[in-house]
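Notes follow once the structure below has been shown.
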Amino acid sequence: MTESALPRHVAVIMDGNGRWARRRALPRQAGHRAGVRAARRIVELCGGRGIAALTLFAFSSENWQRPKREVGALMRLFVEALDREIAELDANDVRVKFIGDREGLGPELRSRMRTAEDRTAKNTGLTLLIAVGYGGRWDITRAARSLAREAASGGLDPESVNEEVLAERLSTAGVPEPDLLIRTGGNHRISNFLLWQLAYTECYFSDTLWPDFDEADFDRALEQYSATERRFGKTSEQLDEDGGAC
Ligand code: FPP
């Protein structure tokens, strides 16, 4: 596959941990642990393929509604995974960033998140965005509030607010919009993920449950992506005139 056919930014909705566990008569927690292993695998795959950015939807703003025990277990799993993986991520030049509302996260996890971000801030390899407590509506609302505050204090002309200005206030500022969205687990919806940023993203839906999503599945997603003409609202003829640039 040529490099130009590769997405620069891949975003993933990792769905199916619970069903993976149920099929094996295991507790949901075992599915989440297997999910962490699959997350590690896709980070390695993206790093190895020279993909610039990967965003993983680890915990949505809606996931707070899950049973308290499951939420607690997930938070502990995130702390453990960070403790275990951060040295290797750093050694592999991965820049880790968390997006989402940190309100409600425990102090242990918050401190791990800050440490991971600080430790890897200067890395220049794969940018790994981990969405925790994230919701697309939260992100857009926060950006709008920040603009409104600045306008109210006289520091910003409301007429100067355009798409670029708003995008700079989103939690993904500075990272190119996702080219490819992968959702595993058989459902075909966006689930309040990167609502603004996914406007022109190619979507790949897989029936594979997240813990089973492996290199062959990832290759299928990349193949579909490279075979798709991205028109961004233009016609194919216009793209030919532009020299195929998209
Ligand atoms: C979806 O499975 C997964 C989640 C709600 C989040 C947990 C994700 C992980 C543990 C992966 C690890 C990620 C990182 C970055 C450490 P589900 O429980 O919704 O599955 P179901 O639909 O089969 O019940």
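The values are calculated or read from the model by the stated rules, or taken from the named source; none is laboratory data. Computed from a predicted model, the values in this text were never measured in an experiment. Note that we place each Cβ from the backbone using ideal geometry, even for glycine, and neighbour counts take in every protein chain shown. Heads up: the accessible areas ignore ligands, DNA and RNA and are worked out on the full protein's heavy atoms, side chains in. Shrake-Rupley method; radii C 1.70, N 1.55, O 1.52, S 1.80 Å.
Which members of segment 6-19 meet the condition of being open to solvent by less than 20 Å² (accessible area, probe 1.4 Å) and away from the ligand (no atom under 13 Å from the Cβ)?
Pro7, His9, Val10, listed by residue number.
All but one of (1) touching a residue at least 12 places away in the same chain (Cβ under 8 Å); (2) open to solvent by less than 70 Å² (accessible area, probe 1.4 Å); (3) within 15 Å of the chain's Cα centre (by Cα) hold for Ala173; state the number of the condition that does not hold.
The failed condition is (1).
With the requirement that a residue be within 11 Å of the ligand (Cβ to nearest atom), of a type outside the set (Val, Ile, Thr) and part of a strand (DSSP E or B), what does segment 29-69 give you?
Leu54, Leu56, Phe57, Ala58, Phe59, Ser60
Going residue by residue through segment 174-196, is there one that turns out to be out of contact with any helix residue (DSSP H, G or I) (no Cβ under 7 Å at 6 or more places or on another chain), closer than 24 Å to Gly125 by Cβ and of a type in the set (Gly, Ala, Ser)?
yes
Please go through segment 201-221 and pick out each residue that is farther than 21 Å from Ala30 by Cα and out of contact with any helix residue (DSSP H, G or I) (no Cβ under 8 Å at 6 or more places or on another chain).
Thr201, Cys203, Phe205, Ala216, Asp217, Asp219, Arg220, Ala221 - these are the residues of segment 201-221 that are farther than 21 Å from Ala30 by Cα and out of contact with any helix residue (DSSP H, G or I) (no Cβ under 8 Å at 6 or more places or on another chain).
Can you name the residue in segment 222-237 that is touching a residue at least 60 places away in the same chain (Cβ under 8 Å) and either out of contact with any strand residue (DSSP E or B) (no Cβ under 9 Å at 6 or more places or on another chain) or hydrophobic (A, V, I, L, M, F, W, C) (or both) and is also farthest from Arg24 (Cα to Cα) among such residues? Working first, answer last.
Going through segment 222-237, the residues touching a residue at least 60 places away in the same chain (Cβ under 8 Å) turn out to be 222-223, 225-226.
Going one step further and asking which of them are either out of contact with any strand residue (DSSP E or B) (no Cβ under 9 Å at 6 or more places or on another chain) or hydrophobic (A, V, I, L, M, F, W, C) (or both), we end up with 222-223, 226.
Values: Leu222: 29, Glu223: 31, Ser226: 35 Å.
Top of the filtered list is Ser226.
Yes/no matrix, rows are residues, columns are (1) more than 14 Å from the ligand (Cβ to nearest atom); (2) among the hydroxyl-bearing types (Ser, Thr, Tyr); (3) within 24 Å of Arg145 (Cα to Cα):
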residue	(1), (2), (3)
Gly174	yes, no, yes
Asp179	yes, no, no
Leu198	yes, no, yes
Cys203	yes, no, no
Asp212	no, no, no
Asp219	yes, no, no
Ser226	yes, yes, no
Glu229	yes, no, no
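Determine whether Arg22 is under 30 Å from Asp219 (Cα atoms), near the ligand (Cβ under 8 Å from one of its atoms), part of a helix (DSSP H, G or I) and modelled with pLDDT of 95 or more. Outline the logic, then answer.
Working: under 30 Å from Asp219 (Cα atoms): yes; near the ligand (Cβ under 8 Å from one of its atoms): yes; part of a helix (DSSP H, G or I): yes; modelled with pLDDT of 95 or more: yes.
Yes, satisfied.
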